[in-house]
1. Restricting the range 92-121 to residues that are more than 20 Å from the chain's Cα centre (by Cα) and crowded, with 20+ Cβ neighbours inside 10 Å, which is farthest from V184 (Cα to Cα)?
2. If we scan the range 50-60, do we find a residue that is closer than 23 Å to V184 by Cβ, among the hydroxyl-bearing types (S, T, Y) and part of a strand (DSSP E or B)?
3. D139 is checked against (1) in contact with a strand residue (DSSP E or B) (Cβ under 6 Å, 6 or more places away or on another chain); (2) buried (at least 19 other Cβ atoms within 10 Å of the Cβ) and fails just one. What number does that condition carry?
4. So in the range 145-170, with the set limited to residues that are in contact with a Leu (Cβ under 9 Å, 6 or more places away or on another chain) and not acidic (D, E), which one is surrounded by the fewest Cβ atoms within 10 Å (Cβ to Cβ)?
5. Hey, among T236, T218, T286, which residue is under 20 Å from the mean Cα position of the chain (by Cα) and farther than 30 Å from P122 by Cβ?
6. Out of the range 234-248, which residues are surrounded by fewer than 16 Cβ atoms within 10 Å (Cβ to Cβ) and not small (G, A, S)?
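The values are calculated or read from the model by the stated rules, or taken from the named source; none is laboratory data. Computed from a prediction, not measured in an experiment: that's the story for all the values here. Counting neighbours? That spans all protein chains shown, and the Cβs are built from the backbone with ideal geometry, glycine included.
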Amino acid sequence: MRRVLVLVSAVCAALALLSSCAWGEADGEDGGRLPGAPTGVTAAAGSATSVHVMWSAVSAEGGIKVYEVYRGTTKVKEVPGAEHMVDVTMLKPSTSYVFTVRARDKDGRLGPPSKTVRATTPKALAADRSAPTRPGKADGRAVGSRAVQLSWSAATDDRDVVSYDIYQGEAKIHSVGGNQTATVVTGLRPGTRYSFTVRARDAADNLSPATAAVRLTTPGTDDGRGTAPTGFEARTTHRSDGAYYLELNWVPPRTDGVVTEYEIQLDGRTATSLVYGGSAPRERATYSFYLGPERGVSHRVRLRGRLPDGTWGGFSTEVKVTTGAQG
């Protein structure tokens, strides 16, 4: 055994200028473990001026803060760590591009680049206002408790079908290249009913009508509690311009993606919807909510978020408040 260790040490010394004999992932300058390189990276043209890039999540101690997407050597997008796809826009038609993805952890350490993937944008066609035909009959099946496989017949276009967009309800959750007529959608919830449709897109971003809905239920159980906002508080009501307002704050659900839309219920009925743009809060969210002009009126309030898979998550705990009261 000692002779083997001596031999390994000798080999490491001989190759020190070329490589490292360290076991496992490389260490950062601060001695911490670097995130790994993203795997499963794909790139497909979404239109004459955009490419859809996707990848698999990277595991890292402490979690991933952001993914950096590069076109060649230029960083073109920075995506929150819970997201694993992005549309790279403002590209040139009829141009080949090379993309890589790198993960940066919450301590700022940047991992190595993924393998390169290539995509070519199609030719731009002037004055194309004709949408593709509706894709043919769509079908699907559950493949485990958190994924489904979908398939459909190809759509046609007077030019070319560049991509297919997959919707769950009204939310776009996936996209594949125009040469594909099947895909696997992941990141779903066990024991949940889904309704998927497919739409075709051409180089001018014209969208076809949607297919008939494919209705599937993933096996398993999910009571929704794991997808509910936590730490929900209705701290105080304050008066402004003759009306009372309620200050809400909560921790967004921990999901495989960013929650950008919330439904707020007052006394058991939907009162309003809150939709964030590209900077939805991830650690704690706040919202000032109008209640009315009268003092001493009691209400029950709760909220839920629309998850990245297009479904609504579980409701937060319900809080009782009274206008004009501190609480």
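1. Going through the qualifying residues, I end up with R109.
2. Yes.
3. The single condition D139 does not satisfy is (2).
4. A147
5. T218
6. Hits for the range 234-248 are R235, T236, H238, R239, D241, E247.
Quick grid of which residues meet (1) under 30 Å from K77 (Cα atoms); (2) part of a strand (DSSP E or B):
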| residue | (1), (2) |
| --- | --- |
| R189 | yes, no |
| P219 | no, no |
| E247 | no, yes |
| V259 | yes, no |
| E263 | yes, yes |
| S273 | yes, yes |
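Okay, residues lined up against (1) touching a residue at least 40 places away in the same chain (Cβ under 8 Å); (2) outside the structural domain of V259 (by TED's automatic domain parsing):
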{"position": "L150", "(1), (2)": "yes, yes"}
{"position": "K172", "(1), (2)": "no, yes"}
{"position": "V176", "(1), (2)": "yes, yes"}
{"position": "T186", "(1), (2)": "yes, yes"}
{"position": "R199", "(1), (2)": "yes, yes"}
{"position": "A203", "(1), (2)": "yes, yes"}
{"position": "P209", "(1), (2)": "yes, yes"}
{"position": "P229", "(1), (2)": "yes, no"}
{"position": "A234", "(1), (2)": "yes, no"}
